[in-house]
Amino acid sequence: MSLFYRQEHTTCYNYQLQPEATFKVLQFKKSQKLQLLEVEHSVIVFLLEGEALITCNSYKDQIHKAGEIALLPRNSCCYVSLLKDTTILSCSFVQNIDFCSRFSFEHLLDFLPKKYVYNFKKLPVREVLNLFFTLVKRCLDDGLNCVHYHELMQKELFIILRAYYTKEELATFFYPLLGKGMGFKDYVMTNYLSMKDIPDFAQQMNLSVDTFKRRFKEAFGESAHKWISQRKSELIYRDLVVSEKTLTEITTDYGFSSQAYLSTFCKKYFDKSPQELRDKGL
């Protein structure tokens, strides 16, 4: 069945927001060539069909099969290798969304196992969630792209997660977004790509450098320098092996004063020059 009064729908200004849509259907053909995934907001990814190897930050080549959901945190370094023809339904969301009026993201911290070690946790898609994803895809395929529809379906998704998954499952799944001082953590994940250095970051948050470092360690479990350098190295590697950016563009994008400094950075983290990494990825 197609939409009634299609012109009324598609000419409404609420349909002009499609590039910012919460839900998207992505289709890929089987390919050895890596596909870049831009993750400006945190994204829940559901494979409707197919199989892929997903790299997300330091978690390399994680097998993702149909019938599973995975989490890609905002501004993370993500790309995929398609093992089969693959159809993905993705849902992006902002950090402050809650499961319902009685249960928020912050509550999940109380349900993490002691000494939990995250390893790109995926969850099985249970029957009700599968029905939900199937309906959303059908509506999107029919052209139902109203921003209000996306907002309502996002709320429904989180209510379904709240109802059909244990709090322990949700805590381990959303672990990368959790931490002491979630507002601080969210600000860091949103802005770390645009900050020059740690003193600049601290100044933007109206904190002393020592206070910033302390709060960072509490939120992320490691030093600011180590975490930011690791994220930077992952993104540089991605751009070298997946993107078509020139070495000059990569040098500029990541704040290096010359390609020589980019080369020094790559040799430190990967024991290869930028060109060697690029040749390896071709």
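Here r is the Cβ-Cβ distance between His107 and Glu127 and R0 is 25 Å; the resulting FRET efficiency, rounded to 0.05, is 0.50.
Using C-alpha pairs below 8 Å separated by at least 6 residues, the relative contact order for the chain is 18 percent.
Could you list the square roots of 5 times each eigenvalue of the Cα gyration tensor of the range 182-281, that is, the equivalent ellipsoid semi-axes, sorted largest first and rounded to whole Å? The partial results should precede the final answer.
Details: eigenvalues 158, 33, 28 Å².
Equivalent-ellipsoid dimensions as semi-axes: 28, 13, 12 Å.
Across all C-alpha atoms in the range 86-227, the radius of gyration and Dmax reach 17.9, 54 Å.
Subtracting the Cα-Cα distance of Ser2 and Lys155 from their residue separation scaled by 0.36 nm leaves 52.6 nm.
Dipole magnitude for the range 131-230: computed about the Cα centre from +1 point charges on Lys and Arg Cβ and -1 point charges on Asp and Glu Cβ, it is near 280 debye. The coefficient of translational diffusion for the range 6-177, derived via Stokes-Einstein from the alpha carbon Kirkwood radius under 25 °C and 0.890 mPa s, stands at 146 µm²/s. Taking the Cβ-Cβ separation of Ser257 and Ser31 as r and a Förster radius of 35 Å, what is the calculated FRET efficiency to the nearest 0.05? Step by step, r from the Cβ atoms, then E = 0.45. With a 10 Å cut-off between alpha carbons and a GNM built on the chain, which of Pro176, Pro73, Pro199 moves the most? In the Gaussian network model the winner is Pro199. Take the Cα of Leu193, step 7 Å toward its Cβ, do the same at Glu218, and the gap between the two points is 2.8 nm. The distance linking the range 24-57 with the range 159-227 is 24 Å (Cα centroid to Cα centroid, whole angstrom). Assuming charge only on the beta carbon of Lys and Arg (+1) and of Asp and Glu (-1), the dipole of the chain about its Cα centre is about 740 debye to the nearest 20.
With helices defined as uninterrupted DSSP H runs, which ones in the chain have an alpha carbon span along their own long axis of at least 24 Å and mean Kyte-Doolittle hydropathy of at least -0.5? Going by DSSP H runs, the hits are 147-164. Taking each DSSP H run with n ≥ 4 as -39500 (n - 2.57) and averaging over every residue of the chain yields -12500 deg cm²/dmol at 222 nm. Amide H contacts for Leu123 (H built 1.01 Å from N in the peptide plane; partners 5 or more residues away or on another chain; cut-off under 5 Å): Ile69. Result for the chain in a Gaussian network model with C-alpha springs under 10 Å: among Glu68, Glu106, Glu222, the largest mean-square fluctuation is at Glu222.
Structure note, pairs Lys30/Lys217; Lys33/Lys232; Lys60/Lys114; Lys30/Lys268: Cα-Cα distances above 30 angstrom occur for Lys30/Lys217; Lys30/Lys268.
Over the range 182-281, Cα pairs under 8 Å with separation of 6+ residues give a relative contact order of 20 percent. The GNM of the chain, with springs linking C-alpha atoms under 10 angstrom apart, assigns the highest mean-square fluctuation among Ser42, Ser92, Ser104 to Ser104.
Since every read-out is calculated from the coordinates, none of them should be taken as a lab result. What you see is a predicted model, and the numbers here were worked out from it, not measured in a lab. Quick reminder, even Gly has a Cβ in these numbers, built from the backbone with ideal geometry, and neighbours come from all protein chains shown.
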